[in-house]
Amino acid sequence: RIAYVDGAYVPLSEAAVSIEDRGFQFADGVYEVAAAFDGKLFDFEGHAARLRRNLAELSIDEPMSAKALELVGRKLLAKNGGGTALLYIQVTRGQARRDHPFPAVSTPTLVMTARGYDYAPRVKQQLNGVKLLTQPDERWGRCDIKSVALLANVLAKQAARQAGAFEAVLVEDDGTVTEGASTNIWIVDRNGMIVTHPAGRKILSGIVRDTLMRLAKADGLKVVERAFDVAEMNAAAEVFVTSTTALCIGVSSIDGTPVGSGTPGPVSRRLGALVWDEIARQTGY
Ligand code: PMP
């Protein structure tokens, strides 16, 4: 496998950044995960735009234009065998003597990796549904920034996996459901509305979330961004999760209690199909 590190394509085993990189020392950086189908990037404009916004929020210089990023990404995907794969992009504030304030001068570090990714297990989960585990949302106050500081997400996800669940649902002290450890969470409410937490500082506004919202509305489905709590989620007709790696997966149970009939409902199945259609439209997959 080949990685991209600050301008060079190098074997993954030799790819390295300094131990004084601020990404390593302070988690002072952001990332993106984009999918490619048959070597063609899906929704890359959205990922590039989010990366740009996140960098601006942290006053980290853009290492290169969105177009250049896409060219490097495509080249890296090809060097790693193309096909269906995930492209990981990380930008940190760069290397500097360890000290909390921003260094007077620093050049951002840009790292990219690509690896083949099989959506077949996801398709199976779309049919059968996945289990969720609720966990306290112990993250910081700027969840809209896709920061590499993922410790709270890692702990929540690990708790879920140890409980045999696919994903952790993050819940605030007052019972509000924000999102998953690495997914956005949706419900179909008692009025048949498709509901997800509003964009803002409490969640990472997913690229699939945006796309799904657009596809649902174009399909005549009603989507509303509003907060909901655990009680409403547990009683919902359908619950589903979205992300670049999961796409759209229906939930079968939460904390061991079935959701609806216990298998993915018609809305999540319809939305899942719409996402696959959009992937086909964009990439020919
Ligand atoms: N929320 C969080 C916390 C995430 O880490 C992710 C995946 N990176 C998402 C939502 C989904 O985002 P996307 O649709 O862009 O993959």
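The values are calculated or read from the model by the stated rules, or taken from the named source; none is laboratory data. Fair warning: this is a prediction, and the values are worked out from it, not measured in the lab. Ideal geometry is used to build each Cβ from the backbone, glycine not excepted, and the neighbour counts take in all protein chains shown.
Structure notes:
Residue by residue, here is whether (1) touching a helix residue (DSSP H, G or I) at 6+ places or on another chain (Cβ under 8 Å); (2) among the aromatic types (Phe, Trp, Tyr); (3) over 18 Å from ASN54 (Cβ atoms) holds:
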site	(1), (2), (3)
ARG142	yes, no, no
ILE145	yes, no, no
ALA149	no, no, no
ARG161	no, no, yes
VAL177	yes, no, yes
LYS202	no, no, no
ARG209	no, no, no
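- Among (1) in contact with a Ser or Thr (Cβ under 8 Å, 6 or more places away or on another chain); (2) farther than 20 Å from LEU204 by Cβ - the single one VAL10 does not satisfy: (1)
- Scan of the range 50-64 for residues that are among the small types (Gly, Ala, Ser) and either under 13 Å from VAL33 (Cα atoms) or in contact with a Phe, Trp or Tyr (Cβ under 9 Å, 6 or more places away or on another chain) (or both), ordered by number: SER59
Here is a yes/no grid of residues against (1) assigned to a loop (DSSP other than H, G, I, E, B); (2) in the same structural domain as GLY180 (by TED's automatic domain parsing); (3) surrounded by fewer than 17 Cβ atoms within 10 Å (Cβ to Cβ):
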site: LEU127; (1), (2), (3): no, yes, yes
site: ARG142; (1), (2), (3): yes, yes, yes
site: LEU155; (1), (2), (3): no, yes, yes
site: ALA160; (1), (2), (3): no, yes, no
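- Test: THR242 is under 20 Å from the mean Cα position of the chain (by Cα) and closer than 14 Å to LEU132 by Cβ: yes
- Pair list, Cβ < 8 Å and 6+ apart or interchain, from the range 159-185 residues that are more than 10 Å from the ligand (Cβ to nearest atom) to residues that are part of a strand (DSSP E or B) and aromatic (Phe, Trp, Tyr): THR176/PHE228; VAL177/PHE228
- Pairing residues of the range 193-215 that are under 21 Å from VAL171 (Cβ atoms) with residues that are crowded, with 24+ Cβ neighbours inside 10 Å and hydroxyl-bearing (Ser, Thr, Tyr), at Cβ distances under 7 Å and at least 6 apart in sequence or on separate chains, gives GLY206/THR242; ARG209/THR196; ARG209/THR242.
- Test: residue in the range 225-233 that is more than 16 Å from the ligand (Cβ to nearest atom), in a loop (DSSP other than H, G, I, E, B) and in contact (Cβ under 8 Å) with a residue 24 or more places away in the chain: yes
- Some residue of the range 260-280 being part of a helix (DSSP H, G or I), surrounded by 14 or more Cβ atoms within 10 Å (Cβ to Cβ), among the acidic types (Asp, Glu) and modelled with pLDDT of 95 or more: yes
- Considered as a group, the residues in the range 186-199 that are more than 12 Å from the ligand (Cβ to nearest atom) and outside any strand (DSSP E or B) include one that is surrounded by the fewest Cβ atoms within 10 Å (Cβ to Cβ), and that residue is ASN191.
- With respect to being part of a strand (DSSP E or B), near the ligand (Cβ under 10 Å from one of its atoms) and not acidic (Asp, Glu), THR211 falls outside the description.
- Restricting the first member to the range 39-64 and to residues that are without any contact (Cβ under 8 Å) to a residue 40 or more places away in the chain, and the second to residues that are crowded, with 21+ Cβ neighbours inside 10 Å, the beta-carbon pairs closer than 6 Å and six or more apart or on different chains are PHE44/ALA34; ALA48/LEU69.
- GLY82 vs. criteria assigned to a loop (DSSP other than H, G, I, E, B) and touching a residue at least 40 places away in the same chain (Cβ under 8 Å): yes
- Those residues of the range 38-76 which are among the polar types (S, T, N, Q) and either under 22 Å from ILE2 (Cα atoms) or not in a helix (DSSP H, G or I) (or both), in sequence order: SER59, SER65
- Residue match in the range 16-28 (condition: more than 11 Å from the ligand (Cβ to nearest atom), outside any loop (DSSP other than H, G, I, E, B) and of a type in the set (Asp, Glu)): yes
- Cβ separations smaller than 6 Å between residues 6+ apart or across chains give the following pairs from the range 1-20 residues that are in contact (Cβ under 8 Å) with a residue 12 or more places away in the chain to residues that are of a type in the set (A, V, I, L, M, F, W, C) and assigned to a loop (DSSP other than H, G, I, E, B): ALA3/ALA15; VAL5/ALA15.
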